[in-house]
Structures are given as C-alpha cells and as structure tokens.
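Trainee: Just passing along the structure, written as structure tokens.
Just so it is clear, none of the values below were taken in a lab; they were calculated from the coordinates. Remember, predicted model here, so these are calculated numbers, not experimental data. A quick note on method: Cβ atoms are made from the backbone with ideal geometry, for glycine too, and the neighbour counts reach across all protein chains shown.
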C-alpha cells in the first residue's frame, strides 16, 4: 500500500472518530441525521481508497451500495420520518455534554488498548484503524444509552453498523459480497420496522420518549 | 431434489403463500401443512446424514454434520407442533378481538419466515451468513412479539430490537476479527469465512485475535442465548408476544444462538489450545443460573416466570459446554433437546391456561384441573419435568452435568445445586395452586390443542428412561465434534 493511500485511510478514520464525538454531543435530531449521512460518506471514501489500492472490484460495488443506502436512502427515510412525526425541532434536554465527552475519551483509550495487540500483528492495515473502528462502536453505544428519544437511539444503532463496516473494509478488505448484501438487507429492513414502530409507539404513548417505556418490570 | 433445498424452499414458499392468503380462515391449516412438510423434509435430510455422514453442498456454502442435523430435526419438529398449537390458540385470540385478519396474515407469514431463518442459521457453513440469518430471525420475531400492538407488546418489541441489535452487532465485530485471523492462514482461493475451512486451519489461527474475537462472539450471540447480564429483553419478549412465539423463542431461537456459540468455541479451542473459551462460558453460565433462579422468586406473571426458567436452563447448557469433555458435551446436547421439548410443552399448556383465566397473572389462574384436566395435568407434568424430576429427560442431563462438574470443577457444583434448588422452590409453590384447588377458570370457545403438549412430554419422558441407539450414537458424534475431534 502506498504512503498516500495509507495517509488517506488514516484521515478518514480520524474523521469518523470526530463525527462519532459530534454525534455524542449533538442535541438536535435533524443534525444527527446529517452527521449520520456524513459518516456514511466517509465510509464510502475509505472503501473506495481501499478498493483502488488493492484492486478488488467487489469493494467498488460495496462502496456504491453504501453510498446509495447510507448516504441517500436511510437518511431520506429518517428525514421523512422526522417530518411525518413532526419532531423536527425536538431536542434532547437531559444530556450533560461535558461529562459524556469525558467518558467518551476514556472509551477511546480503552478501545485503542484493546485493539493494540491486534494492530501490532496486522501487516496490511494502517495500525490505528481497528482501534478507531472499535472506539466509534463504543461511542455509538454510549450515545444509545444516554438518549431517551426514539430516533437518536436508532441513529446510534445505525452508526454502530457504520463503524463495523469501516472495521471490515479497513482491517480485512471487506467481507465477501454475499455477506455484505445480507447485512445491508438486514439494516434496511430494520430501519423500516423501527420506523413503523415509532408511529405505533407515538399512537400508544403519545410521545416518542423511550423513557415512557418502563412499565415492564418485576413487581 | 436434495432434501436440503426442500428444507429451505418449503418455509420460504410458505411465507410467501401466507402473505397472500393469510387473512382467510383456512390459513391456519395452510400454516400447519407447510410446517409439517418442512418437518418431513428435515426427516429425509436427517436420514441421509445418518446413513451417509456429513455433507458439503452448494459450492460449500452449506455444511451438515451430526451436530447441526439433530438441531435441524428438532427445530422443524417443534416448528410443526407449535403450528398445531397455534391453530386453536390464535383462533381464540382472534375471537377475543386481539387479532385482526391482517395481523393473522403477518403472524403466519412471519412464522414461516422465522422457521426459514432458523434453518438457514443452522445449516449455513458461512460464518457471515450465520450472522445475517440470526439478525433476520431477530427482525421476524420482533414483528411477532409486537403483533398485538398493545403498549406493553410495543415496549417489549422495542427493547428486544434495540438490545438484541446492539448485542448482535458485537457478534459481527467478532466475525470480522475471525475473518481477519483467517485471512492470514487460509490459502488464497478458499473462502476464509467458511466454517469447514476455518476448522481445517484452526491450529494456525492467531491466538491473540481469536481470543478477542471469541469474547465478542460470545457476548453477541450470548445476548440472544439470554445469558445474564444480557438477558433483559428475554422475559419481556416472552411475556408480551403470543404464546406460540414464546414457545418457539424458548425452544428454538435460544438453542440456535447457543449453537452459534458452540461453533465459535470449537474454532477458538483449536486456535488457543487452552481452556479460555470454556472458562468464559462457565462464568456466564453460572451467573445466568443464579440470576435467573433468584429472579424467579419475584415473578407474578406466568409467562415471565417460565422465561426466567429458560434463562436458567440456557445457563446450565452454557456451563456444560464450558466444562467440555465427552460427558459434559453429551449432557449439554441432551439438555438442549429435552429443554426445548419440555419448555415448549409448558408454554402450550400455559397459553391455554392463561386464555381460560383471561389473565397471565398467576394469582388469577386457579384450579385448572377441575375445568380441563388435560391442560392442568399438562402444566403440572411439564413443571415437574422442567424442575428436573425423574424420570423425565432433564433429570438425566442435569445429573450428568452435575457429576461432570463435581469431577472437573468441584467448586461450581454447589452453586449449580443452589440455583436448581431455588428454582424448584420458586416454581413449584406457584404452579401447585394454579393446577389444584378451587377453580376460577372458564371453558374455551374452541377445544385446546392437547396433542402437542403430551407428545413433547412423552418424548421428554422417553429420553429420560431410555435413549434409542441411533440417537445415542448421534449425540456421541455431535459431542465429539464439539470436543474438536
């Protein structure tokens, strides 16, 4: 792998990490969708670079698939959902941003430490990427835990999938095509189901606040 | 046509057909017919594997050996009996206005699709497709759990989706790491995600990557197994969905997830050449047994109670496979089979009992035996079987697991016994007044499905008294595969 492409992949990895932090700190739902689309775009760029360097044609297909799915289709569905549910200006109020950022930094350190022994072994990748992918995954988890609204939770879920996809392309040059298609199908169907659920949840609970969903407990 | 193709084609075709005709009253019979055909196809497949040994088909994408063929047969069998049970059960639900024709269509179609996903997960040779089909199974069951559209069922389905989605994302990361380890050692031209290729080269897989991969795979698939502390979705999903779905979740889905963990363990053991994977499974297993046993003490809802009992039993199985060795693996497989049969039988009885009482709260279900002896006895016998009373099969498998624990891991045996004792006390005290005593329950508008309950309990009884020769060799072969030979 040439030096330039290595640098490029590192750059995209860094952008991905920054976007993960941006998501963690973002209160407004519409902006979260924009960040999600940007994340998808970064993953597309990284995949294309890997495809160019390794001459693996199937990676071009998977980059194109990602572009259609994660940059256009899913953000479009989310925007439509937001409009139809009329939650465009909703904000997450119960969120202490400085402390979540601080915990996020610790998560990144943890992820890098976890991935360190593997990065040392790997000959093919720029060493940091697996750690960054793991860090993005953990940050998205944390976002899901700290949010109480339905749509941010779903975006957290989707951005975990983005981080995993990045890990797959940068660390292993992509999974076989059939697996990638399967994963893409699962994600798409999942978004549809969650979208339908949101309408039903709002109908039943008259709000999209997931903190309402706390009735099922042991007495 | 090869029976394997039929095993997939029938449920897939069933799902499509029922998507069109699911609203009609005869759809429930169509559902049974498709499930029965799947079961027949799986019998042919099993016969073929028993006589001819393991097979690798369709460009090596599918691999059937003794380990998974027995789970395929079990899955298809319970899929069939559950469809028989759901015939009267869902009809009564429809009469009571809980189901509309459109929801019935969704129910039937997703039921067949769920069977398809389970069978795909069991027979695929590709670790990536295994993940995809587990996720697809989650999606179908999410729709099934939320089918009543009540606030509680929506809450359960949302929780199920989010928790399992997050959990199973870990398994995908584990799969990526597995792929990474495999790429270094598997010759170019061979697909590094195929389990058979991985198994052939497992001695060379990098131990550092493999140990991290197994942690992620165990946590990921373990969420679906319902291992503590990742079990929170399970009682909600069992309690709020339709009862046939509780039966297949407990009887099938948890088994298939555990099967995925076992496949990963075989690879990890080969790569690490130590007991790392086993020790992790022992830890998670014991924790699940204890957490579930003590949670049982606080239950009021009958379906929640039996779903905690499923967590307990999945913990026992995980523990058994963690100990490893021929006897414990044999016992684990036996426990998987008997638990699936017994627990689904219990859910069949529980479903009708709850319909008779019009409530799932245990204090409102009283004196079942007076109004319908069959349901009452079914629940009582099922409870005794699941609590490990001889002569039912769970007694034999738990006995084997306990003795191998005493031999190899003496400190764990008392913990396991404590869990079993607490579970016994908690469940028996609650079931006894539900079956005997003054009655509070009413008759049903359609005769309940009694046959599946007693068919399952009869099989569980048979496995406790005597294991037929061919089944025995089958278990032994599968235990050998798990042992990595």
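Trainee: According to a simple spin-label model (label point 7 Å from Cα along Cα-to-Cβ), what is the distance in nm between residue A:120 and residue B:472?
Mentor: Placing both labels 7 Å beyond Cα along the Cβ direction yields 5.2 nm.
Trainee: Any idea what angle helix A:97-121 forms with the longest principal axis of chain A, computed on alpha-carbon atoms, 0 to 90 degrees, nearest 10?
Mentor: Compared with the principal axis, the helix lies near 30 degrees.
Trainee: Counting other beta carbons within 10 Å of each residue's own, what order do A:45, B:264 fall into, fewest first?
Mentor: On the way: A:45 17, B:264 27.
Ordered from fewest to most neighbouring Cβ atoms within 10 Å, A:45, B:264 come out as A:45, B:264.
Trainee: OK, next. Using 0.36 nm times the number of residues separating residue A:55 and residue A:73, minus their current alpha carbon distance, what extension gain do you get?
Mentor: Working: separation 18, 0.36 × 18 = 6.48 nm, distance 2.73 nm.
Using 0.36 nm per residue and subtracting the Cα-Cα distance, I get 3.7 nm.
Trainee: How large is the convex hull of the Cα atoms of region B:370-485 per residue, expressed in Å³ as a whole number?
Mentor: Numbers: hull volume 15.1 nm³, N = 116.
Value for region B:370-485: 130 Å³ per residue.
Trainee: Just from the alpha-carbon atoms, what are the Rg and Dmax of region A:124-166 in angstroms?
Mentor: Reported Rg and Dmax, both Å: 11.6, 40.
Trainee: So, one more: Rounded to the nearest 0.05, what FRET efficiency do residue A:102 and residue B:408 give with R0 = 51 Å and r taken as the Cβ-Cβ distance? Could you check? All intermediate terms of the calculation are to be shown ahead of the outcome.
Mentor: Working: r = 45 Å, r/R0 = 0.88.
Between residue A:102 and residue B:408 the formula returns 0.70.
Trainee: Is region A:165-219 rounded, prolate or oblate when judged by the Cα gyration tensor, a ≥ b ≥ c being the square roots of its eigenvalues, rounded requiring a/c under 1.5 and prolate requiring a/b larger than b/c? Write down the numbers at each step before the final one.
Mentor: Numbers: a/c = 3.69, a/b = 2.44, b/c = 1.51.
Prolate is the answer for region A:165-219, as a/c is 1.5 or above and a/b outweighs b/c.
Trainee: Next question. Determine the gain in length on full extension of the stretch residue B:359-residue B:2; use 0.36 nm per residue of separation and subtract their C-alpha separation, reporting nm with one decimal.
Mentor: Numbers: separation 357, 0.36 × 357 = 128.52 nm, distance 4.62 nm.
Once the chain is fully extended between residue B:359 and residue B:2, it gains 123.9 nm.
Trainee: Further, regarding this structure: Do the sum for chain B: with -39,500 (n - 2.57) for every DSSP H run of n ≥ 4, divided by all residues, what is the mean residue ellipticity at 222 nm, to the nearest 500 deg cm²/dmol? Display every interim value, and only then the final one.
Mentor: Working: 20 runs with 373 residues, N = 485.
Computed ellipticity for chain B at 222 nm equals -26000 deg cm²/dmol.
Trainee: What is the average number of partner chain Cβ atoms found within 10 Å of a Cβ in B:178-185? All intermediate terms of the calculation are to be shown ahead of the outcome.
Mentor: On the way: counts 1, 8, 11, 3, 1, 5, 4, 0.
That average works out to 4.
Trainee: How big is the C-alpha Rg of chain B next to the rule-of-thumb value 2.2 N^0.38 Å, as a ratio? Intermediate results must be reported in sequence, preceding the final value.
Mentor: Values: Rg = 21.2 Å, N = 485, 2.2 N^0.38 = 23.1 Å.
Here the Cα radius of gyration is 0.92 times the empirical estimate.
Trainee: Hey, fewest Cβ within 10 Å first, where do A:88, A:28, B:430 land in order? Present the calculation step by step, with values, prior to reporting the outcome.
Mentor: Working: A:88 11, A:28 14, B:430 19.
Least crowded to most crowded, the residues run A:88, A:28, B:430.
Trainee: What's the FRET efficiency of residue B:300 with residue B:389 using the Cβ-Cβ distance as r and R₀ = 22 Å, to the nearest 0.05? Show your work: numbers first, answer last.
Mentor: Values: r = 24 Å, r/R0 = 1.10.
Calculated value: 0.35.
Trainee: Now for a separate question. Note the angle between two axes, namely the Cα long axis of helix B:393-408 and the longest principal axis of the Cα atoms of chain B, as a number of degrees from 0 to 90, rounded to the nearest 10.
Mentor: Compared with the principal axis, the helix lies near 40 degrees.
Trainee: Measuring from label point to label point, each 7 Å out along Cα→Cβ, what is the residue A:181 to residue B:95 span in nm?
Mentor: Distance between label points: 4.7 nm.
Trainee: Can you run the Rg to Rh ratio on the protein assembly as shown? Use alpha carbon positions and the Kirkwood inverse-distance Rh.
Mentor: When Rh is taken as the Kirkwood radius, the ratio is 0.96.
Trainee: Taking all pairs of distinct Cα atoms, average 1/r, flip it, and tell me the Kirkwood hydrodynamic radius of region B:122-164 in Å to one decimal place. It would help to have the intermediate numbers written out before the result.
Mentor: Numbers: mean 1/r = 0.0897 Å⁻¹.
Taking every pair of different Cα atoms in region B:122-164, averaging 1/r and inverting gives 11.1 Å.
Trainee: Taking each pair of distinct Cα atoms in region B:83-151 once, what is the resulting Kirkwood hydrodynamic radius in Å? Let's see the in-between values first.
Mentor: Numbers: mean 1/r = 0.0765 Å⁻¹.
Over region B:83-151, the inverse of the mean reciprocal pair distance is 13.1 Å.
Trainee: Determine, for A:23, A:101, B:210, the number of other Cβ atoms within 10 Å of each Cβ, and report the residues in order from fewest to most.
Mentor: Fewest-to-most Cβ neighbours within 10 Å comes out as A:101, A:23, B:210.
Trainee: Here is a further query. Mind ordering A:167-176, A:9-18 by average Cβ neighbours within 10 Å, highest first?
Mentor: On the way: A:167-176: 24.4, A:9-18: 19.5.
Highest to lowest by the protection proxy: A:167-176, A:9-18.
Trainee: Follow-up question, since we're still on this one. Mind checking B:149-156 for the average number of partner chain beta-carbons within 10 Å of each residue's beta-carbon? Please report the intermediate quantities before stating the final value.
Mentor: Working: counts 3, 2, 9, 4, 3, 7, 9, 3.
That works out to 5 on average.
Trainee: Would you mind getting me the FRET efficiency between residue B:273 and residue B:415? Use the beta-carbon distance for r and R0 = 30 Å, nearest 0.05. Display every interim value, and only then the final one.
Mentor: Working: r = 28 Å, r/R0 = 0.92.
For residue B:273 and residue B:415, the calculated efficiency is 0.60.
Trainee: When ranked by the protection proxy of mean other Cβ atoms within 10 Å per residue, highest first, what sequence do the peptides B:331-342, B:374-385 form? Don't skip to the end; give the middle numbers.
Mentor: On the way: B:331-342: 26.8, B:374-385: 23.1.
Descending packing order for the listed peptides: B:331-342, B:374-385.
Trainee: Over 5 Å intervals from 0, what percent of Cα-Cα pairs in region A:17-86 sits in each interval?
Mentor: In whole percents, the pair-distance histogram is 4, 17, 22, 19, 16, 11, 7, 3, 1, 0.
Trainee: Sort B:454-465, B:53-64 by the packing proxy (mean of other Cβ within 10 Å over each peptide's residues), most packed first.
Mentor: Ranked from most to least packed, the peptides come out as B:454-465, B:53-64.
Trainee: Determine by what factor the alpha-carbon radius of gyration of region B:224-372 differs from 2.2 N^0.38 Å, reporting the quotient. If you can, show how the numbers build up before the last one.
Mentor: On the way: Rg = 16.6 Å, N = 149, 2.2 N^0.38 = 14.7 Å.
Expressed relative to 2.2 N^0.38 Å, the Cα Rg reads 1.13.
Trainee: Per-residue Cβ counts within 10 Å, from other chains only, averaged over B:128-137: what number is that?
Mentor: On the way: counts 8, 4, 1, 5, 9, 2, 1, 7, 5, 0.
For peptide B:128-137, the averaged partner shielding equals 4.
Trainee: Using the alpha-carbon centroid of each, what span in Å lies between region B:199-241 and region B:340-395?
Mentor: 31
Trainee: Let me ask something else about it. On each of the three principal axes of the Cα atoms of region B:275-485, give max minus min coordinate, whole Å, ordered largest first.
Mentor: Extents along the principal axes, in whole Å: 55, 37, 22.
Trainee: Mean separation of Cα pairs under 8 Å and 6+ residues apart, divided by the residue count of region B:81-194: what relative contact order is that in percent? Don't skip to the answer; put the middle values down first.
Mentor: Working: 75 pairs, mean separation 25.4, N = 114.
Computed over region B:81-194, the figure is 22 percent.
Trainee: In µm²/s, what is D for chain A at 10 °C and 1.306 mPa s, where D = kT/(6 pi eta Rh) by Stokes-Einstein and Rh is the Kirkwood radius from Cα pairs? List each step's numbers first, then the result.
Mentor: On the way: Rh = 18.1 Å.
Reported coefficient: 88 µm²/s.
Trainee: Let me ask you something else. Mean separation of Cα pairs under 8 Å and 6+ residues apart, divided by the residue count of region B:311-420: what relative contact order is that in percent? Spell out each step's value before the answer.
Mentor: Numbers: 94 pairs, mean separation 32.5, N = 110.
Once divided by the residue count of region B:311-420, the mean separation gives 30 percent.
Trainee: Related question: Assuming a ≥ b ≥ c are the square roots of the Cα gyration tensor eigenvalues, decide whether region B:1-196 counts as rounded (a/c under 1.5), prolate (otherwise, with a/b larger than b/c) or oblate.
Mentor: Details: a/c = 2.87, a/b = 1.44, b/c = 1.99.
Oblate, because a/c is 1.5 or more while a/b does not exceed b/c.
Trainee: To the nearest 500 deg cm²/dmol, what mean residue ellipticity at 222 nm is calculated for chain A from DSSP H runs of n ≥ 4 alone, each contributing -39,500 (n - 2.57), summed and divided by the residues? If you can, show how the numbers build up before the last one.
Mentor: On the way: 8 runs with 167 residues, N = 219.
For chain A, the value works out to -26500 deg cm²/dmol.
Trainee: For chain B, take the longest principal axis of its alpha carbons; what is the angle in degrees between that and the long axis of helix B:3-21, to the nearest 10 within 0 to 90?
Mentor: That works out to roughly 40 degrees.
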